[in-house]
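To keep things clear, I will list the structure first and then write my remarks on it.
No lab work stands behind these numbers, since they all come straight from the coordinates. Remember, predicted model here, so these are calculated numbers, not experimental data. Cβ coordinates were reconstructed from backbone atoms using ideal geometry, including for glycine residues, and neighbour counts include every protein chain displayed.
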Amino acid sequence: MASQIMTIEQAFGEAVRIRRKAMGWNQGELAIHAGLQTAAVSRIERGDGAPNLRTMERIAAALNVRLSVLIRQAEELL
């Protein structure tokens, strides 16, 4: 079976999903902590579109991790 090629947006979303689940949060809880709409968190986790840097930083802060760590995790998923 051929492996699926992941975009950087999808990889970032997966890194967010992994961290969010490790914290025991659902998407709504992350949205509240990051000051976002639940639909926005869902789109980011699916890799639909690219969040801007401010949004990425808000997510990282809510997940209690540096943005560089999330980006590094995303790069490792590629």
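Quick notes on this one:
- Candidates 65, 41, 16: the one that is in a loop (DSSP other than H, G, I, E, B), of a type outside the set (Ser, Thr, Tyr) and crowded, with 16+ Cβ neighbours inside 10 Å is 65.
- For the range 46-62, filtering for residues that are part of a helix (DSSP H, G or I) and over 17 Å from residue 19 (Cα atoms) leaves 2.
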